[in-house]
1. Against the longest principal axis of the chain, how steep is helix 55-65, in degrees 0 to 90 to the nearest 10, with axes from Cα atoms?
2. Points 7 angstrom from Cα along the Cβ direction at residue 79 and residue 32: gap in nanometres?
3. Return P(r) of the range 59-130 (all Cα-Cα pairs; 10 Å bins starting at 0; whole %; ordered from short to long distances).
4. Given charges of +1 on the Cβ of Lys and Arg and -1 on the Cβ of Asp and Glu, with all other atoms neutral, how large is the dipole of the chain about its Cα centre, in debye to the nearest 20?
5. From the backbone phi of the range 27-34, what are the Karplus-calculated ³J(HN,Hα) couplings (6.51 cos²θ - 1.76 cosθ + 1.60, θ = phi - 60°) in whole Hz, Gly and Pro given as x?
6. Lysine pairs in the chain with alpha-carbon atoms under 21 Å apart, 8 or more places apart or on different chains: how many are there?
7. What is the set of long-range amide H partners of residue 172 at a cut-off below 5 Å, with H atoms built 1.01 Å from backbone N?
8. What's the long-distance tail for the chain, i.e. % of Cα pairs beyond 28 Å?
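Just so you know, all these numbers are worked out from the coordinates, no wet-lab data involved. The model shown is predicted, which means the values in this text are computed figures rather than measured ones. Here the Cβ is made from the backbone with ideal geometry for all residues, glycine too, and neighbour counts use every protein chain on show.
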Amino acid sequence: MVTDLETHTAVRDASGAGGGGTGPAGSGRRAARLAKLEAARLYVCTDARRRQGDLAEFVDAAYAGGVDVIQLRDKGLEARAEIAALEVVRDAARRHGKLFSVNDRADVALLLGADVFHVGQGDLTSAQARAVLGSDVILGRSTHSVEQARDAEADPEIDYWCLGPVWETPTKPGRAAIGLDPLREMSGAALKPWFAIGGIGAGPRLAEVVAAGASRAVVVRAVTEAEDPAAAAARFRSELETGARALETGGEESR
């Protein structure tokens, strides 16, 4: 007996819908996305309403300023409104040659051909996400402890993970901060790209995160609420690239 999921998967793989094809074209898409992920430093999460309706202007400015990945995270949206907002992000990502990410909703990610699909600890498993989206979509997972980060690092289906919140943040009310020590512990153990997240602003906090071993960061308010998002993104990008070079130099010196 053929299940609905098996039928859906067969149709997806035959058509390449959502960027999930398994043939040469699909393999090329995955390779291109992974190359962009490896080079990524700055990942921004935004909702569709934070900037009072100027989403298109915001994402263009953010990508132009140096943001590598933009995720729309707005759990209050109905599906049609979320899709409409994500189309704005997707179109900007394509113009700038950057990545766009869908949070939680695998059906929406499939429909829009998302580059990245991101899940939390209680969302779809990596195997379930792959069953829906196919092999060439980048999968990311939120982690909140060293143990969870190690699980994501060991999962062959997970392409990157985020660790935090480093500091408490109003975007994740009720979630305790984990501090800098988990970043220090994972910085020497991680082979996959990973991002520090939670309460990170440019300046001293970003410097602390970089010193703890993180060369990539996810930010929200520091870019979405900036008067000049492009300038804010450029500053973050510059500090992260400087930090990454310092980490690489330190690694070479220690070998």
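1. 50 degrees
2. So the label points at residue 79 and residue 32 sit 2.8 nm apart.
3. Bins of 10 Å from zero give 20, 51, 26, 2 percent of pairs.
4. On the way: 31 positive and 37 negative charges, 57 e Å.
In total the dipole reaches around 280 debye.
5. Going residue by residue, I get 4, x, 4, 4, 4, 5, 5, 5 Hz, with x marking Gly and Pro.
6. Working: 36/98; 36/192; 75/172; 98/192.
Eligible lysine pairs with Cα atoms under 21 Å apart amount to 4.
7. Amide H neighbours of residue 172, under 5 Å, 5+ apart: none.
8. Working: 9844 of 32385 pairs.
Above the 28 Å cut-off, the chain has 30 percent of its Cα pairs.
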